[in-house]
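S.K.: Take a look at the following structure, please.
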Amino acid sequence: MAARFILVVLAVTIFHFMLQLITILNQCHRFPGFVYQRARFTSDHKSIEIAVRPRKGSKAVCSRCHQPASGYDQLAERRFEFIPFWGFLVFLLYSMRRVDCRRCHAIVVEEVPWGDGKRTLTKAYMLFLARWARRLSWKETAEAFRTSWDKVFDAVEHVVTWGLEHRVLGQIDAIGVDEIQYAKGHKYLTLVYQIDLGVTRLLWVGKERTIESFQGFFTAMGKDVISKIVFVCSDMWEPYLKLIRQNCSEALHILDRFHIVANMNKALDNVRAEETSRMKREGRAPVLRKSRWLLLRRSENLGADQHFRLRDLLRYNLRTVRAYLLKEAFQQLWEYNSPAWAGKFLDEWCRQTMRSRIEPMKKIARSLRNHRELILNYFRAQKLLSSGVVEGLNNKAKVTMRKSYGFRTYPVLKLALYHSLGKLPEPESTHGFF
Ligand SMILES: [Zn+2]
């Protein structure tokens with residue numbers, strides 16, 4: 001008797017809870033042409049299912065032309081996953097109608113305001129997941145909300161696709177081009193950033209580092225946007241230079257300071273590695289051992305102990321030491337304000353370096369001579385565009401890639417990069433579910 005009483009109380013409680021749930025949904029996720037009919041637990045009590053039906057007299061909307069059309073038939077019930085609720089998975093159940101659209105001359109499935117085509121998640125849930133996927137890795141997001149990596153991918157894809165379709169390019173003054181390695185075996189992505197003073201964002205991701213892929217950027221942005229670009233910042237990669245000359249002939253093209261420094265560090269590192277192994281072969285004292293970071297780091301970033309070791313090292317008459325001093329001397333270039341003085345310094349540095357008989361450094365000097373005008377553009381642009389912006393964005397891109405995204409494939413990375421760096425607009429939501 002008592003047991004029966006408890007069961008009745010429980011049933012009444014659940015009944016009231018389900019009614020409350022529909023009231024809550026009507027508050028936060030309401031669509032004029034549809035009504036929430038009833039809510040119930042599934043038999044395993046892990047999920048809540050909420051039946052949705054069209055409001056009486058409301059017409060279905062054709063998913064092709066987005067206009068109301070007369071009904072044709074109804075398909076089998078579909079489940080749309082909604083934001084989980086107090087640990088329960090929540091599904092909306094709805095039988096899609098098909099319309100006989102006179103505009104489209106076809107039988108077309110209706111579009112529903114909470115869904116996006118064939119996707120199984122509701123728009124609200126996709127936006128919810130995508131926002132978390134910007135803070136956590138996709139794997140962590142999937143675990144936190146007891147869903148799968150694939151669904152997080154779907155959510156981000158939905159939000160990014162919407163964002164790219166709705167973003168406003170506006171006036172773009174400055175762009176920076178860079179590439180980033182995403183897998184072993186020379187797999188690169190080309191990234192183009194907007195680096196205006198007030199706005200920095202990822203504009204475009206291209207597969208590979210080829211002329212064709214980079215040309216894709218100019219095509220995607222359109223002549224109108226491209227023709228108004230004032231500054232272009234890039235590294236010395238010849239195909240980039242050529243395409244920029246072709247497409248942005250009016251823009252001031254600036255060679256990226258960060259890349260020049262990076263190239264010089266690479267050259268210095270080659271000299272050091274070569275000399276270290278030569279000294280080892282000749283049985284000389286290993287004075288260059290563990291010197292790599294001493295030499296590559298800027299001296300002001302070294303600790304007291306490291307300073308001491310560096311000073312010690314600099315006493316030796318080594319090719320590595322001479323290359324290091326050339327590299328350090330070069331830093332002075334960035335202190336200049338006038339392009340003319342910077343040019344004089346650059347010429348003098350190249351002259352000295354060409355006499356150094358250190359081939360990797362001479363190679364740098366030759367390349368700097370060849371690109372002299374583009375380097376001096378940095379000073380002509382009055383250093384307004386510190387390419388440090390590009391460097392900063394690229395570091396963020398690397399962090400985005402390092403986070404585990406499951407599969408390091410081009411489509412996944414492209415989405416992840418747009419999602420975290422694109423500053424894309426988001427689809428509107430009827431309610432903030434946080
Ligand atoms: Zn239609």
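The values are calculated or read from the model by the stated rules, or taken from the named source; none is laboratory data. What you see is a predicted model, and the numbers here were worked out from it, not measured in a lab. Virtual Cβ from ideal backbone geometry, glycine too; neighbours counted across all protein chains shown. The area values use the complete protein model at the heavy-atom level, side chains included, leaving out ligands, DNA and RNA. Shrake-Rupley method; radii C 1.70, N 1.55, O 1.52, S 1.80 Å.
S.K.: Can you give me the number of residues within region 171-191 that are surrounded by 22 or more Cβ atoms within 10 Å (Cβ to Cβ) and closer than 16 Å to N247 by Cα?
M.R.: Final tally of qualifying residues: 4.
S.K.: Output the residues belonging to region 245-258 that are under 16 Å from V390 (Cα atoms) and open to solvent by less than 50 Å² (accessible area, probe 1.4 Å).
M.R.: Selection gives H253, I254, L255, D256.
S.K.: Still on this structure, I have one more. Within the bounds of region 231-238, is there any residue that is touching a residue at least 12 places away in the same chain (Cβ under 8 Å), open to solvent by 60 Å² or more (accessible area, probe 1.4 Å), among the hydrophobic types (A, V, I, L, M, F, W, C) and not in a helix (DSSP H, G or I)?
M.R.: Yes, because at least one residue in region 231-238 is touching a residue at least 12 places away in the same chain (Cβ under 8 Å), open to solvent by 60 Å² or more (accessible area, probe 1.4 Å), among the hydrophobic types (A, V, I, L, M, F, W, C) and not in a helix (DSSP H, G or I).
S.K.: Further question on the same structure: Whether any residue in region 115-129 is within 16 Å of the ligand (Cβ to nearest atom), touching a Ser or Thr at 6+ places or on another chain (Cβ under 9 Å) and of a type outside the set (S, T, Y) is what I want to check.
M.R.: Checked against the condition, which is being within 16 Å of the ligand (Cβ to nearest atom), touching a Ser or Thr at 6+ places or on another chain (Cβ under 9 Å) and of a type outside the set (S, T, Y), region 115-129 yields at least one hit.
S.K.: A further question on this structure: Under 8 Å by Cβ, and 6 or more places apart or on different chains, what pairs join a residue from region 91-106 that is under 18 Å from T42 (Cβ atoms) with one that is within 13 Å of the ligand (Cβ to nearest atom) and open to solvent by 20 Å² or more (accessible area, probe 1.4 Å)?
M.R.: Cβ pairs passing all conditions: none.
S.K.: Taking region 1-35, which residues are open to solvent by 50 Å² or more (accessible area, probe 1.4 Å), small (G, A, S) and touching a residue at least 24 places away in the same chain (Cβ under 8 Å)?
M.R.: None; the set is empty.
S.K.: Does I211 satisfy the condition of being in contact (Cβ under 8 Å) with a residue 40 or more places away in the chain and β-branched (V, I, T)?
M.R.: no
S.K.: Cβ-Cβ under 8 Å, sequence separation 6+ or interchain: first residue in region 177-202 and touching a residue at least 24 places away in the same chain (Cβ under 8 Å), partner open to solvent by 20 Å² or more (accessible area, probe 1.4 Å) and among the hydroxyl-bearing types (S, T, Y). Which pairs?
M.R.: E179/Y188; I180/Y188; Y182/Y188; Y182/Y410; L189/Y410; Y193/T200
S.K.: Hey, which of the helices (runs of 4 or more DSSP H) in region 254-318, taking only ones fully inside, have at least 3 residues that are farther than 26 Å from L368 by Cα?
M.R.: 257-281, 304-313
S.K.: Check every one of the helices (runs of 4 or more DSSP H) wholly within region 327-429 and list those with 2 or more residues that are over 28 Å from T190 (Cα atoms).
M.R.: Of the helices (runs of 4 or more DSSP H) lying wholly inside region 327-429, those with at least 2 residues that are over 28 Å from T190 (Cα atoms) span 339-354, 359-370.
S.K.: Here's something else I'd like to know. Which residues, counting only those in region 192-213, are crowded, with 18+ Cβ neighbours inside 10 Å and touching a Pro at 6+ places or on another chain (Cβ under 9 Å)?
M.R.: R209
S.K.: Moving on to the next point. Working carefully through the options V287, V261, find the one that is within 35 Å of the chain's Cα centre (by Cα) and open to solvent by less than 90 Å² (accessible area, probe 1.4 Å).
M.R.: None of the other options fit; the residue is V261.
S.K.: The conditions are (1) at pLDDT below 95; (2) buried (at least 18 other Cβ atoms within 10 Å of the Cβ); (3) of a type in the set (D, E, K, R), and E110 fails exactly one of them. Which is it?
M.R.: Among (1) at pLDDT below 95; (2) buried (at least 18 other Cβ atoms within 10 Å of the Cβ); (3) of a type in the set (D, E, K, R), the lone unmet condition for E110 is (1).
S.K.: Continuing with the same structure: Going by the structure shown, is R167 open to solvent by 10 Å² or more (accessible area, probe 1.4 Å) and within 16 Å of the ligand (Cβ to nearest atom)?
M.R.: no
S.K.: Here's something else I'd like to know. Of everything in region 55-99, what is closer than 25 Å to L127 by Cβ, open to solvent by 80 Å² or more (accessible area, probe 1.4 Å) and more than 11 Å from the ligand (Cβ to nearest atom)? Give them in sequence order.
M.R.: R55, E77, R79, W86
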